[in-house]
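The values are calculated or read from the model by the stated rules, or taken from the named source; none is laboratory data. Since this is a predicted model, take the numbers as computed values, not measurements. The area values use the complete protein model at the heavy-atom level, side chains included, leaving out ligands, DNA and RNA. Shrake-Rupley method; radii C 1.70, N 1.55, O 1.52, S 1.80 Å.
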Amino acid sequence: MSQLLLSPVETVACCSPLSREPLSQPQAEQVASLLKALADPVRLRLLSLVASHEGGEACVCDLNDRFDLSQPTISHHLKVLHGVGLLDREKRGTWVYYRARPEALADLAALIAPVAGTPSASGRCA
């Protein structure tokens with residue numbers, strides 16, 4: 001019997017909000033890989049830069065100047081974000097263009113959002 005393997009983003013889409021019911025061990029392991037990808041400050045910035053870029057997509061060439069890192073390092077971080085399902089990519093000539101996957105971001109937000117009626121802390125960005 002073969003087992004269906006879900007990507008981290010697909011696992012998040014199947015999970016109830018954390019405040020509604022506990023994750024299973026396999027779900028927690030899959031979701032953790034997604035959160036680990038986002039836990040890196042460079043990757044978090046890259047996701048933000050791509051998602052907020054004009055037209056909703058960005059080329060590696062658009063992102064290199066924002067960091068004091070080499071182009072291969074930036075490409076590696078983008079590959080990780082693509083691998084967990086947060087970014088789509090398309091090669092055009094010699095450049096690769098990345099686009100955030102809105103449904104993946106929405107599923108992640110729904111996973112960590114409090115269930116209606118649950119007390120929540122009001123936090124603000126620094």
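In whole angstrom, how long is each semi-axis of the equivalent ellipsoid of region 19-71, when you take the square root of 5 times every eigenvalue of its Cα gyration tensor and sort them from largest down?
30, 13, 8
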Check: So what are the ³J(HN,Hα) numbers for region 64-76, from phi and the Karplus equation (6.51, -1.76, 1.60; θ = phi - 60°), rounded to whole Hz, Gly and Pro as x?
Finding: 4, 6, 7, 10, 9, 9, 6, 4, x, 5, 4, 4, 4
Next item on the list: Taking all protein chains together and a probe of 1.4 Å, list Val84, Val96 from the most accessible to the least accessible.
Entry: Val96, Val84
